[in-house]
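Below is one structure; the comments refer to it alone.
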Amino acid sequence: MGLLEGKRILVAGVTMDTSIGFAVAKVAQEQGATVLISNFGRALSITKRIAKRLPVEPPVLDLDVTNQEHLDGLADAVREHLGPDATLDGVVHSIAFGNPETLLGGKFLDGPWEDVAQALQVSAYSLKSLTMAAKPILAPGAGVVGLTFDATVAWPAYDWMGVAKAALESTNRYLARYLGPEGIRVNLVAAGPLRTIAAKAIPGFEELDSMWASRSPLGWDNADQEPTAKAVCALLSDFFPATTGEIVHVDGGYHATGA
Ligand code: NAP
């Protein structure tokens, strides 16, 4: 019996096989879940190719979290693939965007509002949008899990994405507060730096990356998405029935150390 046996899970934000979302989809399938994945726009064709590398090829949905029509059509899109009465037991938000040219890598003091607004909408507000879009088909006890990068401090290079992650972490707590009475749990996993496309696009990411392996009590492999994916799946499972509004660190223990 897998940890997610019989559960149906949507993983939003899979582009490449390096995506954290890809690793989540893989572990979830290995643990018995039926998985759907999503991406949007031009990268959708890449996701469709990458989907074939999972143990079971999942349906790929077109879901731009800033597009209200896509959000309004999410429940129908899920039911088209899983059946007319299907529900979801889990939703994974593995989505972020901040313009690396204007917002990251030392651009903090000049970041223009239009780009900051986009980063906040895609990376933080969308946890609310995605959760509410899925809510009509969420099963009792369902879990929502997002991905953050510890926003309690100001990191080198991370700049406005750090602000967006602080907003995401607060959004997580408010969603937990509002949806708890309906039995829906909302949590985040705070991962250490992982070499995904999004991370490599951050100018100065290496600086963050290089601090991690040497300072984490458990060490840190920036090419191994599996520990993060396992934590996401654990939070989606029935083994965290009384946990919501939480942030679980999967960072080799870095957050618990002083500089
Ligand atoms: P990734 O593979 O690039 O995944 C990010 C995903 O977000 C991509 O699939 C991207 O699609 C999607 N996305 C961007 N804008 C979107 C929109 N408007 N609607 C729907 N999807 C959209 O990078 P990742 O590192 O796995 O990131 C996943 C999550 O983990 C993010 O929240 C990230 O901040 C977080 N995280 C990453 C690290 C790290 O070091 N990598 C550490 C901690 C937390 P496109 O590729 O098509 O743009």
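A few points about this structure:
- Looking only at residues of the range 168-221 that are outside any loop (DSSP other than H, G, I, E, B) and β-branched (Val, Ile, Thr), we find that the one that is nearest to the ligand (Cβ to nearest atom) is Ile197.
- Complete set of residues in the range 199-249 that are open to solvent by less than 30 Å² (accessible area, probe 1.4 Å), in contact (Cβ under 8 Å) with a residue 40 or more places away in the chain, of a type in the set (Gly, Ala, Ser) and closer than 23 Å to Asp159 by Cα: Gly204, Ser216
- Looking across the range 138-166, the residues that are part of a loop (DSSP other than H, G, I, E, B) and touching an Asp or Glu at 6+ places or on another chain (Cβ under 8 Å) come down to Asp150, Ala151, Pro156, Ala157.
- In the range 52-94, the residues that are within 14 Å of the ligand (Cβ to nearest atom) and out of contact with any helix residue (DSSP H, G or I) (no Cβ under 9 Å at 6 or more places or on another chain): Asn67, Glu69
- Taken together, Ile9, Ile20 contain a single residue that is open to solvent by 10 Å² or more (accessible area, probe 1.4 Å) and under 24 Å from Ala176 (Cβ atoms), which is Ile20.
- Residue among Lys128, Lys135 that alone is at pLDDT 95 or above, within 22 Å of Ser237 (Cβ to Cβ) and either part of a helix (DSSP H, G or I) or of a type outside the set (Ser, Thr, Tyr) (or both): Lys135
- Test: residue in the range 226-233 that is under 20 Å from the mean Cα position of the chain (by Cα) and assigned to a loop (DSSP other than H, G, I, E, B): no
- Any hit, the range 107-126, residues being away from the ligand (no atom under 11 Å from the Cβ), small (Gly, Ala, Ser) and within 23 Å of Gln31 (Cβ to Cβ): no
- The range 1-12 - residue that is in a loop (DSSP other than H, G, I, E, B) and either in contact with a Leu (Cβ under 8 Å, 6 or more places away or on another chain) or within 16 Å of the ligand (Cβ to nearest atom) (or both) and, of those, nearest to Ala139 (Cα to Cα): Lys7
- Just so you know, in the range 84-100 the residues that are over 16 Å from Leu236 (Cβ atoms) and of a type in the set (A, V, I, L, M) include one that is surrounded by the fewest Cβ atoms within 10 Å (Cβ to Cβ), and it is Ala86.
- Members of the range 41-58 that are open to solvent by 40 Å² or more (accessible area, probe 1.4 Å) and in contact with a strand residue (DSSP E or B) (Cβ under 6 Å, 6 or more places away or on another chain): Lys48
- Lone qualifier among Ala190, Ala154 - being closer than 30 Å to Asp110 by Cβ, of a type in the set (Gly, Ala, Ser) and surrounded by fewer than 20 Cβ atoms within 10 Å (Cβ to Cβ): Ala154
- Residues in the range 105-125 that are in a loop (DSSP other than H, G, I, E, B), open to solvent by 40 Å² or more (accessible area, probe 1.4 Å) and within 26 Å of Met211 (Cβ to Cβ): Gly106, Lys107.
The values are calculated or read from the model by the stated rules, or taken from the named source; none is laboratory data. Keep in mind it's a predicted model, so treat the numbers as computed, not measured. Glycine gets a Cβ as well: all are built from the backbone with ideal geometry, and neighbour counts include every protein chain shown. Side chains included, ligands, DNA and RNA excluded: accessible areas come from the protein's heavy atoms. Shrake-Rupley method; radii C 1.70, N 1.55, O 1.52, S 1.80 Å.
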